[in-house]
Amino acid sequence: MRRVTLTQFLIEQQRKGLMDADLRLLMEVVARAVKAIAVNVSKGALAGVLGEAGSDNVQGEAQKKLDVIANDILIQANEWGGHLAAMASEEVEEIRPISSDYPRGGFLLLFDPLDGSSNIDVNISVGTIFSVLRCPEGVTAPTEADFMQPGTAQVAAGYSVYGPSTQLILTVGDGVHGFTLDREMGSFIYTHPNMTIPEDTKEYAINASNARYWEAPVQRYIGELQAGKDGPRERDFNMRWVASMVADVHRILTRGGIFMYPMDSKMKDKGGKLRLMYEANPMAMIVEAAGGAASTGRERILDVQPTKLHQRVPVVLGSKNEVERVVRYHLEA
Ligand code: AHM
Ligand code: MG
């Protein structure tokens, strides 16, 4: 079997006119950072990387050592290549313009360096999520305002999942493509061409411990799934919840399903749990490119106009017919 590496895949994408040399470099650099993060994640206790870092991030969440390590790896890998104008991270309050020591490029990179980090210490899958925007024309000193672009403006998005194998999933809007890390060779191999999400599913993912805080349309939808073949859906559904969005979305991209972190009454003032710009938007771009749908329950995620970098939104994504049903229940309410 002919093995296509990530590098070869990206060069072919460039030849097809789907990306330019700078975007290709950006993808290569992110993939290199992902490999370095995978090494650290997989060493676990042997490298002393488990546990708390002893600091809080901008969201007031306790940082894990690996949150900090993954963040540093992504920043160091991306700051000198000349492809970026600025970066933004879940772990850092302010945006980070590229230092004047290096040339500035035309892209903005946003990332959640280690998503699902509550799972690190229990050896369950975690991942990295990233989103790429264009720096507005003529801007030489980017500010937070230059990042305030809706998800439809993303030029690329992707995530990695550090599970039994390390996988990297990418889209530039033209299909969703998956790569598996060959650890001995140190390269990503194209193993999952054109990933698609089936329109129908019998699997759902939600943190049901929040049930009493959900809004009525979500209570109705989940209630119907739980009623199974005795309820209005007239068939049984199955539930999975990894508590790593990357792992839950990866399952949906592999075999279908619906993932929800909906609005609930205890998070209302925050706007939701998941972050728009480096969690919801990149995942929404990937899910839509794979034939699925992504909504806040009331609005397409990719259409949300951001007003701040660390903004949160409710998230409902996955198999199209189920997402559309949840949106309909919100409209009917
Ligand atoms: P994180 O970026 O701080 O890891 O938080 C995001 C994670 C998602 O990966 C996951 O879907 C969700 O938080 C789990 O939340 P909960 O612990 O409420 O189930
Ligand atoms: Mg996260």
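Give me the extension gain from residue 21 to residue 265: residue separation times 0.36 nm, minus the current Cα-Cα distance, reported in nm with one decimal.
83.2 nm is the gain from fully extending residue 21 to residue 265.
Calculated from DSSP H runs of 4 or more alone, at -39500 (n - 2.57) each and per residue, what is the 222 nm mean residue ellipticity of the chain, nearest 500?
-9000 deg cm²/dmol
Just the ratio, please: alpha-carbon radius of gyration of the range 203-332 over 2.2 N^0.38 Å, N its number of residues.
Against the empirical 2.2 N^0.38 Å value, I get 0.98 for the range 203-332.
One quarter of the convex hull surface, Cα atoms only: what value does that give for the range 181-241 in nm²?
6.9 nm²
Rounded to the nearest 0.05, what FRET efficiency do residue 182 and residue 153 have when you use their Cβ-Cβ distance and R0 = 30 Å?
Computed FRET efficiency for residue 182 and residue 153: 0.35.
Taking square-rooted eigenvalues a ≥ b ≥ c of the alpha carbon gyration tensor, is the range 6-192 rounded, prolate or oblate, where a/c under 1.5 means rounded and, failing that, a/b exceeding b/c means prolate?
oblate
Return a whole-number percent for the relative contact order of the chain, with Cα pairs under 8 Å and 6 or more residues apart as the contact set.
Once normalised by length, the contact order is 16 percent.
Run the numbers for residue 118 and residue 96: contour at 0.36 nm per residue of separation, minus the present Cα-Cα distance, in nm.
5.4 nm
What Rg and what Dmax come out for the chain when only alpha-carbon atoms are used, in angstroms?
Using the Cα atoms of the chain, the pair Rg, Dmax is 19.4, 65 Å.
Please list, in order, the residues from the range 150-185 whose amide nitrogen is less than 20 Å from a point placed 7 Å along the Cα→Cβ vector of residue 3.
What the label zone holds, given the 20 Å backbone N cut-off, is 161-170, 177-185.
Give the calculated FRET efficiency between residue 226 and residue 191 to the nearest 0.05, with a Förster radius of 41 Å applied to their Cβ-Cβ distance.
With R0 = 41 Å, the Cβ-Cβ based efficiency is 0.70.
Would you grab the residues whose amide H sits under 5 Å from the one on residue 127? Only those 5+ places off in sequence or on another chain, please, with H modelled 1.01 Å from N.
HN-HN under 5 Å from residue 127: 115, 162.
Using a ≥ b ≥ c from the Cα gyration tensor of the range 277-333 (square roots of the eigenvalues), is it rounded, prolate or oblate, where a/c under 1.5 gives rounded and otherwise the larger of a/b and b/c decides, a/b for prolate?
oblate
Got a sec? What order do 64, 268, 16 fall in by accessible area at 1.4 Å, biggest, i.e. largest, first?
16, 268, 64
Over the chain, what is the percentage of antiparallel beta bridges among all DSSP beta bridges, to the nearest 5?
Restricted to the chain, the bridges split so that about 85 percent are antiparallel.
Which residue, chosen from 33, 239, 125, occupies the Cα position most advanced towards the positive end of the dipole of the chain, where the dipole is computed from +1 (Lys, Arg) and -1 (Asp, Glu) charges on Cβ about the Cα centre?
In the chain, that residue is 239.
Where a ≥ b ≥ c are the square roots of the eigenvalues of the C-alpha gyration tensor, would you call the range 116-188 rounded, which needs a/c under 1.5, or, failing that, prolate if a/b is larger than b/c, or oblate?
prolate
The values are calculated or read from the model by the stated rules, or taken from the named source; none is laboratory data. Since this is a predicted model, take the numbers as computed values, not measurements. We place every Cβ from the backbone using ideal geometry, glycine too, and count neighbours over all the protein chains shown. SASA here: full protein model, heavy atoms, side chains in, ligands and nucleic acids out. Shrake-Rupley method; radii C 1.70, N 1.55, O 1.52, S 1.80 Å.
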